Amino acid sequence: MTTVRPLVPPEELRATLTEAAGHALDEMLSVLAVQPTTLGRVFPAAARRTARGDLRVGGPRLEDAVRVELVATAASQLDPDELLGELEQVYRYGDGDEKRAVLLALSGIDDPRVDGSALLLDALRTNDVRLVAAAMGPHASRLSPHDWRHGVLKCLFVGVPLLGVTDLAVRADAELAAMVRRYIDEREAAGRPVPDDAVLVRDLTTLTTRPEG
């Protein structure tokens, strides 16, 4: 059984939902508590049955918070391999919103036995800003240094703010610095603007990789 951190405290989510939406969420949670392997059937209709939109200004979306709560209930009844299998199926057959919710749910899982790296890498092969941003959250700690560096560069390419990249200051290294410098040089040579985040990463990696003495 695996614990999944909610996107927001459950009481905050409930306070935002209408009475009818709250009842719909309770019904879906009850189904998953008994039949956790039905996650793929419950997931698609979750937003339609509850709500869509920003939960807070600049914060998570209602449908994401609802879906992460659904994953948490299923996770409490499944072993790690079963949970990962369910999430892989939901991600594979889901639309962009459903994929994003799976990635956000993975960000709330600390259990090392649930490794969704393959899903993160799939998201990083897209140009969907929402998926790239979600993929570079806390679960990206499972990515190899090579894949993580390319994830940071993908954020720069598609315009994902690096503020949301977990452990950037910790994992930044000389190789990332070289990659970002090449990216900056290419944009300057093409007469294109250089994102502020690229300059910040270049400066950060310069500071953190500067030899002593």
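The values are calculated or read from the model by the stated rules, or taken from the named source; none is laboratory data. This one's a predicted model, so the numbers in the text were calculated from it and none came from an experiment. Here the Cβ positions follow ideal geometry from the backbone for every residue, glycine too, while neighbour counts run over all protein chains shown.
Checked against (1) buried (at least 19 other Cβ atoms within 10 Å of the Cβ); (2) part of a loop (DSSP other than H, G, I, E, B); (3) modelled with pLDDT under 95; (4) out of contact with any Pro (no Cβ under 8 Å at 6 or more places or on another chain), Ala47 passes all but condition (2).
Considering Val66, Val42, Val90, the condition of being in a helix (DSSP H, G or I), buried (at least 16 other Cβ atoms within 10 Å of the Cβ), free of Cβ contacts under 8 Å to residues at least 40 places away in the same chain and of a type outside the set (Gly, Ala, Ser) is satisfied by Val42 alone.
Counting the residues of region 159-198 that are among the charged types (D, E, K, R) and either touching a residue at least 40 places away in the same chain (Cβ under 8 Å) or surrounded by 14 or more Cβ atoms within 10 Å (Cβ to Cβ) (or both) gives 5. Checked against (1) assigned to a loop (DSSP other than H, G, I, E, B); (2) more than 18 Å from the chain's Cα centre (by Cα); (3) at pLDDT below 95, Arg56 meets all criteria but (2).
Each residue in region 50-63 was checked for being among the charged types (D, E, K, R) and crowded, with 19+ Cβ neighbours inside 10 Å, and 2 pass.
Residues checked against (1) in contact with a Lys or Arg (Cβ under 7 Å, 6 or more places away or on another chain); (2) modelled with pLDDT of 95 or more; (3) surrounded by fewer than 21 Cβ atoms within 10 Å (Cβ to Cβ):
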site: Leu103; (1), (2), (3): no, yes, no
site: Leu121; (1), (2), (3): no, yes, yes
site: Leu131; (1), (2), (3): yes, yes, no
site: Ala134; (1), (2), (3): yes, yes, no
site: Asp147; (1), (2), (3): no, yes, yes
site: Phe157; (1), (2), (3): no, no, yes
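Within region 1-33, the set of residues being exposed (fewer than 13 other Cβ atoms within 10 Å of the Cβ), under 20 Å from Leu87 (Cα atoms) and without any contact (Cβ under 8 Å) to a residue 24 or more places away in the chain comprises just one member, Ser30. Residues in region 47-92 that are of a type outside the set (A, V, I, L, M, F, W, C) and in contact with a Phe, Trp or Tyr (Cβ under 9 Å, 6 or more places away or on another chain): Arg67 only. Residue count for region 105-118 satisfying the condition of being surrounded by fewer than 23 Cβ atoms within 10 Å (Cβ to Cβ) and farther than 16 Å from Thr73 by Cα: 5.
Every residue in region 69-87 that is surrounded by fewer than 23 Cβ atoms within 10 Å (Cβ to Cβ) and either modelled with pLDDT under 95 or more than 18 Å from Glu11 (Cα to Cα) (or both), please. Within region 69-87, Ser76, Gln77, Leu78, Asp79, Pro80, Asp81, Glu82, Leu84, Gly85, Glu86 qualify.
Can we say Arg125 is more than 16 Å from Ala198 (Cα to Cα) and touching a strand residue (DSSP E or B) at 6+ places or on another chain (Cβ under 9 Å)? The answer is no for Arg125.
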